[in-house]
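Read-outs throughout are calculated quantities, based only on the coordinates presented, and are distinct from any laboratory measurement. Since this is a predicted model, take the numbers as computed values, not measurements. With ideal geometry, Cβ positions are generated from the backbone for all residues, glycine too; neighbour counts draw on all protein chains shown.
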Amino acid sequence: MKHLRLALFALSALTQLSACASYAPAPDAMHQSLEQPYRLDSGDRLKVIVFGEEGLTSSYAVDKAGFVALPLVGDVPARGRNTEQLRQEITQRLADGYLNKPDVTVEVEQYRPFFIMGEVTNGGQYTYVPGMTVQNAIAAAGGYTPRAEQASVDVTRESGGQVMTGRVVPTDPLMPGDTVYVRERWF
């Protein structure tokens, strides 16, 4: 009986250790994505200003398909582009038969939300604020539960068409669209 308990304990410990081993530190590409120009995606809200054209100047959402629907020019692909690339596309489309030398500005009015789950008081979807860290996100979600692992969390991020997950410390920056998972501590 004693040997059976010891064997079950050892099996349990190995299972837990193998689960820990399945997580890796954040890949380099995850941190490199923080230095790249911001890429637009569904859920972003943009302010498009067409100087001298009040009817075209407005706030527009990037839809689920990744497009921005603008008057005159229709759906303009935004997903994966930065604001400068989108500005150039809108300017070109407006210049093709609609306006003479259009002057366009595109800026992000509201970033897509981030998501947080696991050992936080109120998991869910939250508004991203520029400069936000993992710690800010946890605070927005009501803080840690008593069972939370507080030394590191897992963040899932899409960058360059690739989805990656890595373990980061609470002072690491977040990006719009990130998913934060706060794990339960074992001891």
(request) Over segment 32-187, calculate the relative contact order: mean separation of alpha carbon pairs under 8 Å at least 6 apart, over the residue count, as a percent. (result) 20
(message) How are the alpha carbon pair distances in segment 45-110 distributed across 10 Å bins from zero to the largest one, expressed in percent?
(response) 23, 62, 15, 0
(message) Could you give the length gained by full extension between K64 and E107, i.e. 0.36 nm per residue of separation minus their alpha carbon distance, to one decimal place?
(response) 13.6 nm
(message) Could you work out [θ]222 nm for the chain from helices alone, using -39500 (n - 2.57) per DSSP H run of at least four and dividing by all its residues? Round to the nearest 500 deg cm²/dmol.
(response) -7500 deg cm²/dmol
(message) Among E84, E109, E53, which one shows the highest mean-square fluctuation when the chain is modelled as a Gaussian network with alpha-carbon springs under 10 Å?
(response) E53
(message) What does the C-alpha gyration tensor say about the overall shape of the chain? Classify as rounded when a/c is under 1.5, otherwise prolate if a/b is larger than b/c, or oblate.
(response) prolate
(request) Return the loop-located trypsin sites (Lys or Arg not before Pro) in segment 15-124 (DSSP other than H, G, I, E, B) with at most 14 other Cβ atoms within 10 Å of their own Cβ; answer none if there are none. (result) K64
(request) Can you grab the distance from the C-alpha centre of segment 48-72 to the C-alpha centre of segment 142-170, Å, no decimals? (result) 34
